[in-house]
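Chemist: Please find one structure pasted underneath; my questions will follow.
The values are calculated or read from the model by the stated rules, or taken from the named source; none is laboratory data. Source: prediction; values computed, not measured. Counting neighbours? That spans all protein chains shown, and the Cβs are built from the backbone with ideal geometry, glycine included.
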Amino acid sequence: PTGGGTKCAHNRAPGMNQATTRAPALLESKKTRTVNMRHARNVLRCARTAKATWKKRFGAADTGNQCFGTRDGKNALAKHVETSGVWARSTGKDAFAAAAQFRLDEKDELAPPEVSQNEEDGEEEQEDPILLLRERSRNQDFDISDVMVIHTPEMAAEVCHLLCGKLRNRIHACDTEVSDIDVTSETPVGHGNVVCLTIYSGPDVDFSFGQSSPPKPRLWIDTMEDAAVLQAMKPFLQDKEIKKVWHNYAFDRHVLFNHGVDVQGFGGDTIHMARLWDSARTGKGYSLENLTSDSKVMGEVYRGKKSIKELFGKPKVLKNGSLGKTIEVPPIQEIQKDPESRCRWIDYSAYDAEATWELWNALERRLQKLSCSIDKYVVESLGNGEFTMWDFYKRYWRPFGELLTSMERNGVLVRTEHLEEVEKVALKDKEKLTVVFRRWAANYCQDANLLNVGSGSQIRQLLYGGTYDKKKNDRLPVSRDFKVLNEDGYVVPGEKKAKKHRTINIVGVSQLGIRMEVNTYTAAGWPAVSLSVLRALAGNADVALEELHKLGDHSWDNLLDQDLSERSIFEEEEVEAEDVNPLRAAIHLTNSQYNELKEYAEKKGLGTAYASFGGGREGLEACIALNALCDISAIDTLLSNFIISLQSKDLKGPSGRVHCSLNINTETGRLSARRPNLQNQPALEKDRYKIRDAFTADVSAGKCLIVADYGQLELRLLAHMSQCQSMLHAFEVGGDFHSRTALGMYPHIKKAIDEGKCLLEWKGLDGEEPPAPMLKDVFGAERRRAKVLNFSIAYGKTAHGLAKDWGVELKEAADTVERWYADRPEVREWQRLMIMEAKHTGYVSTLLGRKRRLPNINNELNYSLKSHSERAAINTPIQGSAADVAMLAMLQINSCKKLESLGYQLLLQVHDEVILEGPRSCADEALALVVDHMRHPFEGTNPLCVDLSVDAKFADTWYEAK
């Protein structure tokens, strides 16, 4: 009878008394991590006796449903057994089970032990070790009495009719659970199967049509067994007028599209809303679990969502049959089908939609309370009036979020055959450069010819062995042994055959008196050997090679050009002992000699290693070898991130196009990309393998790519926001902005221009030679430094940071920075005001009023965090505003009916660059429209104080369009 479970739960069964007396004694040993297993078995026997007693009392096999199938019954039973030290669980029709539960501490609990037939017969077994599972009790806190379960097409059609009719004007939170996909490596476009769909439309909705008590506001739709169930929900999911909100909308939209369901009626993504409300949730994250568990977000104590691993994870079974410490989650299909976990699974998955609905409401309230301070020049073009961040979200980020999912679905065609060819070339280049570096390093350390060039520890030992740890006041050993692959088949004396690995000894170059200055350290305090550090050591390798030629040394040309792919890189000719070259002689430099070499290296564009290795031939060779090491690192990055990964089927949909994930998940609002990370494309001049050439239009269908790129967008926004007259003038007159910057910084360049020795710019006829060389050719080093300064200062970098980058003294870097500011005082004043505003309000804003919270801007106890926040107060308005401008342009391009009629659609956005695909036959017309939208992104206007420059071109491939 109804309510019987409640009654049973409150009437203690006879067998329970013994459990009651046993459990407290065991609970007293809470501080220990072991308990007497015999006592645990006794409690389990008592629980089994209770089960048999209750089953006999009700005289039915359906004990689980009759006694504990109701919400009140289960809760009352849970409360009773909690006080008794025993807990029970209902797992299906006749699956009521009880087990001993002893709380050792808040997180560690004892799992119910297995009881054999011998034990039940009274025979004593050998004591087994106690198995402790580090997980919470997962079977006490679930309830599906308020869930309407849909498992037939007829039921789905009925509830769909309700959603599209009486409930159509509500906000509906939706979620899917998906199988057959590895979200860490596979795109959801073309991968993954929806096993259930959940919907929540508010606590006052009853999906049971008033036919059950209590009401059922949560809707759980089983789509795993019958595909027709999901198809019956299409009218609701594809209705543009019915607003549906999601948490990570892109994923759900793609996996539903795999089943032929094109979701429309996008009402919001709570991840984007949460980022808009607070982009600085450091350490907390934006998962549904974290957000709904945070009272600062929800406004009250709310039942936070638990992770799937916490609820359904099981200890991994080891080879010996025992249970390990690693917790694994079974396949989703298994969890949903398993009678033991099905009820808990329904509760878990249905709660996703409920939590999303509650989160959406909480974030809407918070965004409505946040003002949106739009730039005074921009606000007029958008219409005067009060704006909140909720207005911003509805007007910009909500349509932008949907646009990004469409771009992901569109994908871009990739020529795999091109990548296969460049992979071969890249691997050969890496092999050649490895030989170059090893042969050079062997001049200073004999075993370095076997060094692993991909090991930061071995490179650090070679370059910095013997130096101090800055934090621990410890010293790196002068020499150290490393285990490396035995690539040349070396057989250790006394051994019969070669082993897989061998030991080498790396001795630091400091033993030869080589002075390797350390300017950058790792978090642990050791000298850093990152790519940026190695680049500073190497400098311009072309200059070093040129200087070697002047010394009559062309040996490196042969080494760099020869093809080593056909022979072992360890192959050596037989030589007599007296012919073996000894290690290089020690280098001893006075401070004045060293400083003179550093000054010469900087002037020439050489790296700091030139001075460290004594200048001359040895210094030039060091620069070339270290540049080879940099190139090896760059090749490894290109291979792993692009050349190899883009060939993977995991990133491609059914059409063979690559579908990367585009996310608004940076603190500045810039887009990031995953699977693959296209934001890390090498600069065009450094794209040695023409990776962009693999990205192509569907040429066979008569299509081409349009690639349009903003020119110096961030610097133009800095000029506008700071109202710097020098920068505004430079952009107005046009030309090479970085050359103009160098002209304003260096008097000797101005003198050369005045005397006609070089030209700032040249606008002669095509093919006509200028009467004098260009500034960028004569004063290349000064222009490079000016270019670095232009971007570094815009990003808030200080003289201290620039001194590290350039490998110069702090005073020299500070003097260069001062020369930059001398011609741009408005920029310095604007930066000061931004920092002051951030300290006063706790945040900074972009052109469109998006806020970035800076919680550590006033942190006087941590200088590092405070300095980082001050830099963020400077660069966020610039980078964030650039993101705003790019977003506005993309929204206009996407909503342009003419472009749509021409057949063009957006594929990618990388930094300040957008890529579209469409018919080549109307490419000229489409390109003009794209450029116009980008130049006038503020609803067809440009209220900024600077023009927005756009470079655009159409071609078959991304590389050709650049």
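Chemist: Quick check on the range 139-149. Is at least one of its residues closer than 12 Å to Phe236 by Cβ and either outside any helix (DSSP H, G or I) or outside the structural domain of Glu340 (by TED's automatic domain parsing) (or both)? Write out each step before concluding.
Modeler: Going residue by residue through the range 139-149, those that are closer than 12 Å to Phe236 by Cβ are none.
No, the range 139-149 has no match at all.
Chemist: Please verify whether the range 896-918 includes one or more residues that are within 22 Å of Cys724 (Cα to Cα), in contact with a Lys or Arg (Cβ under 8 Å, 6 or more places away or on another chain) and modelled with pLDDT of 95 or more. Talk me through it step by step, then tell me what you get.
Modeler: Pass one, the range 896-918, residues within 22 Å of Cys724 (Cα to Cα): none.
Within the range 896-918, not a single residue is within 22 Å of Cys724 (Cα to Cα), in contact with a Lys or Arg (Cβ under 8 Å, 6 or more places away or on another chain) and modelled with pLDDT of 95 or more.
Chemist: In the list Lys319, Lys325, Lys305, which residue meets the criterion of being basic (Lys, Arg), outside any helix (DSSP H, G or I) and surrounded by 19 or more Cβ atoms within 10 Å (Cβ to Cβ)? Spell out how you get there, then give the answer.
Modeler: Working: Lys319 fails: surrounded by 19 or more Cβ atoms within 10 Å (Cβ to Cβ); Lys325 fails: surrounded by 19 or more Cβ atoms within 10 Å (Cβ to Cβ).
Checking each option against the conditions leaves just Lys305.
Chemist: Continuing with this model, one more query. Condition first: surrounded by fewer than 19 Cβ atoms within 10 Å (Cβ to Cβ) and over 20 Å from Leu413 (Cβ atoms). Now tell me which residues in the range 901-914 satisfy that.
Modeler: Ser901, His911
Chemist: Restricting to the range 448-494, and then to whatever is out of contact with any Lys or Arg (no Cβ under 8 Å at 6 or more places or on another chain) and among the hydrophobic types (A, V, I, L, M, F, W, C), can you tell me which residue is farthest from Tyr610 (Cα to Cα)? Walk me through how you get there before you give the answer.
Modeler: Applying the first criterion (out of contact with any Lys or Arg (no Cβ under 8 Å at 6 or more places or on another chain)) to the range 448-494 yields 452, 454-460, 462-464, 470-475, 477-482, 487-489, 493-494.
Going one step further and asking which of them are among the hydrophobic types (A, V, I, L, M, F, W, C), we end up with 459, 462-463, 478, 482.
Working: Ile459: 18, Leu462: 16, Leu463: 13, Val478: 22, Phe482: 28 Å.
The extreme case among them is Phe482.
Chemist: With Leu485, Leu463 as the choices, which residue is touching a Gly at 6+ places or on another chain (Cβ under 9 Å) and in the same structural domain as Ala524 (by TED's automatic domain parsing)? Give the derivation first.
Modeler: Details: Leu485 fails: touching a Gly at 6+ places or on another chain (Cβ under 9 Å).
Selected residue: Leu463, the only one of Leu485, Leu463 that is touching a Gly at 6+ places or on another chain (Cβ under 9 Å) and in the same structural domain as Ala524 (by TED's automatic domain parsing).
Chemist: Another question, if that's okay. Out of all the residues in the range 916-946, which are under 26 Å from Ala730 (Cα atoms) and assigned to a loop (DSSP other than H, G, I, E, B)? Explain how you work it out, then say what you get.
Modeler: So the first thing to find is which residues in the range 916-946 are under 26 Å from Ala730 (Cα atoms), and the list is 928, 930-938, 940-946.
Answer for the range 916-946, where residues must be under 26 Å from Ala730 (Cα atoms) and assigned to a loop (DSSP other than H, G, I, E, B): His936, Pro937, Gly940, Asn942, Pro943, Leu944, Cys945, Val946.
Chemist: If you go through the range 258-287, how many residues are out of contact with any helix residue (DSSP H, G or I) (no Cβ under 7 Å at 6 or more places or on another chain) and on the phi < 0 side of the Ramachandran plot? Steps first, answer last, please.
Modeler: So in the range 258-287, the residues out of contact with any helix residue (DSSP H, G or I) (no Cβ under 7 Å at 6 or more places or on another chain) come out as 258, 260, 262, 264-265, 267, 271, 275, 278-283, 285, 287.
Add one more test, that the residue is on the phi < 0 side of the Ramachandran plot, and what stays is 258, 262, 264, 267, 271, 275, 278-282, 287.
The total comes to 12.
Chemist: Going residue by residue through the range 858-866, is there one that turns out to be small (Gly, Ala, Ser), within 27 Å of the chain's Cα centre (by Cα) and over 19 Å from Trp277 (Cβ atoms)? Before the answer, list the steps.
Modeler: Just the residues of the range 858-866 that are small (Gly, Ala, Ser), to begin with: 864.
Applying the additional criterion that residues be within 27 Å of the chain's Cα centre (by Cα) yields 864.
Next, from what is left, pick out any that are over 19 Å from Trp277 (Cβ atoms): 864.
Yes.
Chemist: Kindly provide the set of residues from the range 425-447 that are of a type in the set (Lys, Arg) and more than 29 Å from the chain's Cα centre (by Cα), ordered by number. If you could, list the steps in order and put the result at the bottom.
Modeler: Within the range 425-447, the subset of a type in the set (Lys, Arg) is 428, 430, 432, 438-439.
If the condition is that a residue be of a type in the set (Lys, Arg) and more than 29 Å from the chain's Cα centre (by Cα), then Lys428, Lys432, Arg438, Arg439 are the ones that fit.
Chemist: Same structure again: Considering every residue within the range 202-217, establish whether at least one is closer than 29 Å to Trp390 by Cα and basic (Lys, Arg).
Modeler: Filtering the range 202-217 down to residues closer than 29 Å to Trp390 by Cα leaves 202-205, 217.
Cutting the leftovers down to basic (Lys, Arg) gives us none.
Within the range 202-217, not a single residue is closer than 29 Å to Trp390 by Cα and basic (Lys, Arg).
Chemist: Given the criterion surrounded by fewer than 20 Cβ atoms within 10 Å (Cβ to Cβ), within 25 Å of the chain's Cα centre (by Cα) and closer than 30 Å to Ile221 by Cα, identify the matching residue among Asn361, Asn410. Reasoning before the result, please.
Modeler: On the way: Asn361 fails: within 25 Å of the chain's Cα centre (by Cα).
Selected residue: Asn410, the only one of Asn361, Asn410 that is surrounded by fewer than 20 Cβ atoms within 10 Å (Cβ to Cβ), within 25 Å of the chain's Cα centre (by Cα) and closer than 30 Å to Ile221 by Cα.
Chemist: Got a number for residues in the range 636-647 being surrounded by fewer than 20 Cβ atoms within 10 Å (Cβ to Cβ) and touching a residue at least 24 places away in the same chain (Cβ under 8 Å)?
Modeler: So the count comes out to 7.
Chemist: Also, I was wondering about something else. Counting only residues that are without any contact (Cβ under 8 Å) to a residue 24 or more places away in the chain and in the same structural domain as His936 (by TED's automatic domain parsing), which one in the range 693-752 is surrounded by the fewest Cβ atoms within 10 Å (Cβ to Cβ)?
Modeler: Result: Ser700.
Chemist: Does the range 877-886 contain any residue that is under 28 Å from Met389 (Cα atoms) and not in a helix (DSSP H, G or I)?
Modeler: So in the range 877-886, the residues under 28 Å from Met389 (Cα atoms) come out as 877-886.
Retained after the next criterion (residues that are not in a helix (DSSP H, G or I)): none.
Scanning the range 877-886 turns up no residue that is under 28 Å from Met389 (Cα atoms) and not in a helix (DSSP H, G or I).
Chemist: Considering Glu618, Glu596, Glu602, Glu578, which residue is at pLDDT 90 or above and either touching a Lys or Arg at 6+ places or on another chain (Cβ under 9 Å) or more than 19 Å from Asn449 (Cα to Cα) (or both)? Full working, then the answer.
Modeler: Working: Glu596 fails: at pLDDT 90 or above; Glu602 fails: at pLDDT 90 or above; Glu578 fails: at pLDDT 90 or above.
On inspection, the qualifying residue turns out to be Glu618.
Chemist: Could you say which residue among Leu651, Leu597 is free of Cβ contacts under 8 Å to residues at least 40 places away in the same chain, over 19 Å from Val425 (Cα atoms) and either surrounded by 21 or more Cβ atoms within 10 Å (Cβ to Cβ) or not hydroxyl-bearing (Ser, Thr, Tyr) (or both)? Write out each step before concluding.
Modeler: Values: Leu651 fails: free of Cβ contacts under 8 Å to residues at least 40 places away in the same chain.
Just one listed residue meets the conditions, Leu597.
Chemist: Does the range 517-531 contain any residue that is in the same structural domain as Tyr444 (by TED's automatic domain parsing), part of a helix (DSSP H, G or I) and free of Cβ contacts under 8 Å to residues at least 40 places away in the same chain? Write out each step before concluding.
Modeler: Of the range 517-531, the ones in the same structural domain as Tyr444 (by TED's automatic domain parsing) are 517-531.
Retained after the next criterion (residues that are part of a helix (DSSP H, G or I)): 531.
Of the ones still in play, those that are also free of Cβ contacts under 8 Å to residues at least 40 places away in the same chain are none.
Checked the range 517-531: no residue is in the same structural domain as Tyr444 (by TED's automatic domain parsing), part of a helix (DSSP H, G or I) and free of Cβ contacts under 8 Å to residues at least 40 places away in the same chain.
Chemist: In the range 281-302, how many are under 19 Å from Tyr843 (Cα atoms) and crowded, with 18+ Cβ neighbours inside 10 Å?
Modeler: 2
Chemist: Could you figure out which of (1) within 29 Å of Gly619 (Cα to Cα); (2) touching a Phe, Trp or Tyr at 6+ places or on another chain (Cβ under 7 Å) isn't true of Ala498?
Modeler: Evaluating Ala498 over (1) within 29 Å of Gly619 (Cα to Cα); (2) touching a Phe, Trp or Tyr at 6+ places or on another chain (Cβ under 7 Å) leaves (1) as the failure.
Chemist: What helices (runs of 4 or more DSSP H) lie completely within the range 687-750 and have 1 or more residues being aromatic (Phe, Trp, Tyr)?
Modeler: Numbers: elements: 713-722, 725-733, 737-745.
Of the helices (runs of 4 or more DSSP H) lying wholly inside the range 687-750, those with at least 1 residues that are aromatic (Phe, Trp, Tyr) span 725-733, 737-745.
Chemist: Can you tell me which of (1) buried (at least 16 other Cβ atoms within 10 Å of the Cβ); (2) in contact (Cβ under 8 Å) with a residue 40 or more places away in the chain is the one Phe482 doesn't meet?
Modeler: (2)
Chemist: Name the strands (runs of 3 or more DSSP E) wholly inside the range 211-294 in which the number of residues that are within 25 Å of Arg850 (Cα to Cα) is 2 or more. Can you show your working first?
Modeler: On the way: elements: 218-222, 244-246, 266-269.
It comes to 244-246, 266-269.
Chemist: Now for a different question. Give Arg535, Arg567 a once-over and let me know the one that is over 15 Å from Glu618 (Cα atoms), at pLDDT below 65 and among the charged types (D, E, K, R). Before you say what the answer is, go through the steps one by one.
Modeler: Working: Arg535 fails: at pLDDT below 65.
Answer to the check: Arg567.
Chemist: Tell me, which residue of the range 209-249 that is among the charged types (D, E, K, R) and touching an Asp or Glu at 6+ places or on another chain (Cβ under 6 Å) is surrounded by the most Cβ atoms within 10 Å (Cβ to Cβ)?
Modeler: Going residue by residue through the range 209-249, those that are among the charged types (D, E, K, R) are 216, 218, 222, 225-226, 234, 239-241, 243-244.
Those left that are additionally touching an Asp or Glu at 6+ places or on another chain (Cβ under 6 Å): 216, 218.
Working: Lys216: 22, Arg218: 27.
Applying the filter and picking the extreme gives Arg218.
Chemist: Does the range 430-452 hold any residues that are surrounded by 18 or more Cβ atoms within 10 Å (Cβ to Cβ) and under 30 Å from Phe695 (Cβ atoms), and which are they?
Modeler: Of everything in the range 430-452, those that are surrounded by 18 or more Cβ atoms within 10 Å (Cβ to Cβ) and under 30 Å from Phe695 (Cβ atoms) turn out to be Lys430, Lys432, Leu433, Thr434.
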